[in-house]
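Working notes, beginning with the structure itself.
The values are calculated or read from the model by the stated rules, or taken from the named source; none is laboratory data. Source: prediction; values computed, not measured. FYI the Cβ positions are ideal-geometry reconstructions off the backbone, even for glycines, and counts take in every protein chain you see. Side chains are part of the model used for accessible areas, which takes the heavy atoms of the whole protein and leaves out ligands, DNA and RNA. Shrake-Rupley method; radii C 1.70, N 1.55, O 1.52, S 1.80 Å.
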Amino acid sequence: MAEEKIENKPKRNYQKRERTTRTTKRENGEGIQVTRTQKRNNLEEEKTSKQTRPYRRRTTNANTSTNSRLGKENHVSTKREENVEKTNLRNSTERKKRTSRATNKNTSIFKQSKLKIIPLGGLHEVGKNITVFEYENEMIVVDCGLSFPEDDMLGIDLVIPDITYLERNVDRIKGLIITHGHEDHIGSVPYLLKKINIPIYAPRLACGLIRNKLEEHKLLRSTKLTEVMQGQTITLGKNFKVEFIRSSHSIPDSVMLGITTPAGTILHTGDFKVDYTPIDGKIMDFGRIAELGNQGILALMSDSTNAERKGFTMSESSIGEVFDKLFLHCTKRIVVATFASNVHRVQQIVNSAIKYNRKIAVCGRSMINMIETAKELGYIECPDNIFIDIDLINKYTDEQLVIITTGSQGEPMSALTRMAAGDHRKVKITPNDLVIISATPIPGNEKFVSKVIDDLMQIGAEVVYSSLETIHVSGHACQEEQKLILALARPKYFIPVHGEYRQLIAHSETAQSMGIDKDNIIMMSNGRVLEINEEGAELTISVPSGRVLVDGLGVGDVGSIVLRDRQHLSQDGLIVIVLTMDSATGEVVAGPDVISRGFVYVRESENLMDDVKSVVRHEIKKCEERGITDWATIKSATRENLRDYIFMKTKRNPMIIPIIMEV
């Protein structure tokens with residue numbers, strides 16, 4: 001019965017207790033009294049120890065003999081106390097560890113940081129793509145592109161993003177990630193590196209194009225430029241892992257980005273289209289996108305450029321058949337204008353030229369740079385002697401030549417525009433030319449392209465453009481392709497990017513049709529901060545963003561005021577009033593003389609010029625009579641009165657600049 005009572009206690013203690021109890025019964029007549037006293041002490045000790053030690057199952061037996069605890073010696077009690085203290089210390093340590101782990105777990109749940117997504121360009125516009133991803137004290141930047149000036153940006157060469165926010169946080173930036181080599185994604189890289197020197201990670205062709213830009217700006221030696229292959233994953237800092245996923249676009253080596261952070265995974269598509277028969281045979285990695293979708297994608301940021309177009313985008317390989325048809329039986333010299341960055345299009349022109357035994361001359365600086373880089377890196381496959389210098393075209397007959405040129409968008413200074421105007425030094429368009437414009441006009445460029453086509457036709461050349469033949473396909477996904485990416489990724493949140501506002505709206509509607517909750521579709525704008533994790537997403541503060549204008553070598557020195565003055569001058573012209581006054585008496589010594597530029601032709605408007613002089617003299621006389629000698633006041637009064645008079649006479653509002661010299 002004693003064994004039943006203490007079966008859950010440590011075996012070693014039980015054996016000692018049993019042996020000691022039996023000895024006490026035999027040798028000590030007062031054993032019963034001693035063990036009863038010890039029993040009371042033991043019960044009190046057990047009661048105290050149970051309050052601190054973990055719960056231990058107690059086994060009770062109504063028939064257990066009282067003699068099982070009799071005869072316990074004092075040294076056994078001491079031994080038991082030591083064991084209890086050790087047990088209590090061990091249990092206390094374990095409780096502290098469990099409490100610490102629970103505290104850390106609760107902290108990670110309730111105080112988890114959010115990922116910040118900050119677009120500094122590329123939203124509500126075409127081009128100038130740049131996005132910042134920020135987690136705690138680390139940041140990465142995706143793309144750094146430019147856009148081209150709008151019609152009202154007179155004299156401006158380029159438009160680049162405002163990177164003030166990056167300058168303020170330069171120590172936190174771990175790298176610049178490039179998705180592909182188009183200008184709207186890499187064009188601003190040299191201007192960024194002049195302000196902040198950060199490492200760049202880019203696919204092979206994009207690296208080659210960036211290297212050319214850095215050499216031009218004398219930044220190559222000071223820049224860390226790392227080439228990343230499709231399918232490769234890089235780690236940036238403690239919080240970012242970026243996977244380069246093979247994609248399809250109108251330029252080779254395009255990638256999507258799988259950005260893994262502690263807050264979740266973001267899939268950034270870059271520019272893409274779904275092309276099942278690409279020129280280089282490298283199909284988009286649909287399997288990896290689906291795998292990420294199965295693992296869980298927090299947010300999908302997807303290209304919206306063609307979100308308004310239904311259906312699918314045609315494969316780039318379909319253009320090769322059209323080129324072959326145009327080259328077949330053609331005895332004219334062929335001039336093909338296309339985007340310099342469209343390497344796949346150039347490859348198909350090369351293929352047709354080889355097939356029909358024609359040499360290729362290249363015209364336009366950007367086209368020359370692109371083709372040289374692509375050939376060097378193996379993205380254009382052709383015989384070594386297929387390309388000839390533009391200066392040697394007169395040594396070949398028309399039916400032996402193809403000229404690849406820039407100017408498909410009718411840019412004023414492009415090679416094709418100068419050819420059409422008869423201003424090109426090396427290429428003269430003749431009626432024996434077939435001109436193929438292998439592009440569609442970008443919105444806003446329609447008038448320029450139409451003007452070039454008209455000029456070419458007036459010379460007598462045959463012109464083939466998108467309205468006549470399918471000689472261009474887009475590099476961006478239409479609605480059905482966007483649906484495919486949504487179906488594979490299955491994101492929790494959807495963020496349309498890269499496009500005008502109407503295109504972002506169209507893309508959001510496509511996402512809703514694919515089952516994305518309307519509340520989980522986030523419409524962002526440049527500079528607005530999105531904080532996101534699995535718990536939720538919210539738009540918070542705004543950071544500095546906008547556009548910086550590049551005019552010649554000046555970056556940012558032309559602002560809205562200068563542009564307004566340029567617009568004023570372009571619309572209404574300029575009048576300069578020059579007169580000489582005596583500094584002592586304030587009398588007019590000479591003048592006023594009137595100089596006009598862009599307002600009226602002076603020789604045909606002498607009466608108006610005489611009237612302008614009379615108004616100026618009258619105003620100066622009024623100032624003398626009032627005792628006004630402050631030149632600033634005299635200039636202001638002259639300007640205001642002359643403006644009113646000219647507007648009354650001509651309904652024009654030229655810029656008026658009074659110049660007063662003293663003697």
Can you quote the Å³ per residue value for the convex hull of the Cα atoms in segment 220-366, rounded to an integer? 164
In whole angstrom, and with the biggest value first, how far do the Cα coordinates of segment 456-556 range along each principal axis? 66, 43, 19
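From the mean inverse distance of alpha carbon pairs (Kirkwood) and the Cα radius of gyration, derive Rg over Rh for segment 401-483.
Details: Rg = 14.1 Å, Rh = 13.6 Å.
Result: Rg/Rh = 1.03.
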Share of Cα-Cα pairs in segment 461-508 beyond 14 Å, whole percent, is 66
Order the peptides 305-315, 141-151 from the highest to the lowest mean number of other Cβ atoms within 10 Å of their residues. 141-151, 305-315
With the other protein chains left in place, how much accessible area per residue, in square angstrom, belongs to segment 495-539 at a 1.4 angstrom probe? 45
Relative counts (whole %) of C-alpha pair distances in segment 203-273, using bins that are 5 Å wide: 3, 16, 21, 20, 17, 16, 6, 1
Positive minus negative residues near ALA206 (Lys, Arg vs Asp, Glu; Cβ under 13 Å): -3
Let me know the shape class of segment 182-305, please: from the alpha-carbon gyration tensor, a ≥ b ≥ c as square roots of the eigenvalues, rounded when a/c is under 1.5, otherwise prolate if a/b is greater than b/c, or oblate. oblate
Probe radius 1.4 Å, ligands and nucleic acids ignored: give me the carbon and sulfur share of the accessible area of segment 144-303 as a rounded percent. 45
Taking the reciprocal of mean 1/r across every pair of different Cα atoms in segment 310-384, the Kirkwood radius in Å is 13.4
Kirkwood-based Rg over Rh for segment 571-663 (C-alpha set), two decimals? 0.97
So, with points 7 Å from each Cα along the Cβ direction, the ILE234-VAL555 label distance in nm works out to 2.1
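If I stretch the segment between ASN197 and GLU534 completely, what's the gain in nm (0.36 nm per residue apart, minus their alpha carbon distance), one decimal?
Difference between extended and current length: 118.0 nm.
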Once you treat every alpha carbon in segment 260-347 as an equal point and sum by Debye, what is log10 I(q)/I(0) at q = 0.14 Å⁻¹? -0.72
Quick query: amide H of VAL548 versus all other amide H atoms, modeled in the peptide plane; which residues come in under 5 Å with a sequence gap of 5 or more or a different chain? ILE160, ASP162
Among 364-371, 345-352, the order from most to least packed when residues are scored by Cβ within 10 Å on average: 345-352, 364-371
For segment 131-284: accessible area per residue (Å², 1.4 Å): 37
Convert each backbone phi in segment 271-283 into a coupling constant with the Karplus relation 6.51 cos²θ - 1.76 cosθ + 1.60 (shift: θ = phi - 60°), then list the ³J(HN,Hα) values in order as whole Hz, x for Gly and Pro. 7, 8, 9, 9, 10, 7, 10, x, 4, 8, x, 9, 7
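Classify segment 498-544: rounded, prolate or oblate, from the alpha-carbon gyration tensor (a ≥ b ≥ c, eigenvalue square roots; a/c under 1.5 rounded; otherwise prolate if a/b is larger than b/c)?
Values: a/c = 3.59, a/b = 1.24, b/c = 2.90.
Judged from the Cα gyration tensor, segment 498-544 comes out oblate (a/c at least 1.5, b/c at or above a/b).
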With just the Cα atoms of segment 377-439, tell me how far they stretch along each of the three principal axes, in Å, largest first. 33, 27, 19
I need the shape label for segment 334-421. Rule: rounded when a/c is under 1.5, else prolate if a/b > b/c, else oblate, with a, b, c from the alpha carbon gyration tensor. oblate
Enumerate the amide H contacts of ASN306 below 5 Å, restricted to partners 5 or more residues apart or on another chain; note that Pro and chain-start residues carry no placed amide H. ALA477
For ILE380, residues with placed amide H under 5 Å, excluding near neighbours: LYS375
Here the equivalent ellipsoid of segment 99-237, derived from its Cα gyration tensor, has semi-axes (largest first, whole Å) of 32, 19, 13
Would you calculate the separation in nanometres between label points at ARG204 and ARG643, each defined as 7 Å from the Cα along the Cα-to-beta-carbon direction? 6.2
FRET efficiency, 1/(1 + (r/R0)^6) with R0 25 Å, evaluated for THR470 and ILE442 via beta carbons: 0.90
Under Karplus coefficients 6.51, -1.76 and 1.60, residue-wise ³J(HN,Hα) of segment 137-145 in Hz, glycine/proline x: 9, 10, 9, 10, 10, 10, 6, 7, x
Of the options SER466, LEU434, MET413, report the single residue whose Cα projects farthest towards the positive end of the charge dipole of segment 409-468 (beta-carbon charges: Lys, Arg +1; Asp, Glu -1). MET413
Binned at 5 Å from 0, what are the whole-percent values of the Cα-Cα distance distribution for segment 506-663, short to long? 2, 7, 12, 13, 10, 8, 7, 6, 6, 5, 5, 5, 5, 4, 3, 1, 0
Restricted to segment 136-226, the DSSP antiparallel beta bridge percent, nearest 5, is 10
Pop the C-beta distance of ARG365 and ASN169 into the FRET formula with R0 = 35 Å and round what comes out to the nearest 0.05. 0.45
Report the full-extension gain for the segment LYS218 to ALA487: residue separation times 0.36 nm, less the Cα-Cα distance, to one decimal in nm. 92.3 nm
Please identify which residues in segment 398-420 have an amide N closer than 13 Å to a label point set 7 Å out from the Cα of ASN357, following the Cα→Cβ vector. 399-401
Near PRO383, within a Cβ-to-Cβ distance under 15 Å, what is the net charge of the other residues, with Lys and Arg +1 and Asp and Glu -1? +2
Distance between the C-alpha centers of segment 521-580 and segment 403-440? Whole Å please. 33
For the residue pair VAL576 and LEU154, what label-to-label distance in nm results when each label sits 7 Å from Cα along the Cα-to-beta-carbon direction? 1.6
Percent of alpha carbon pairs in segment 123-178 separated by more than 16 Å? 49
HN-Hα J in Hz across segment 517-526 - Karplus 6.51, -1.76, 1.60, θ = phi - 60°, x for Gly and Pro: 4, 4, 5, 9, 9, 10, 8, 9, 9, 4
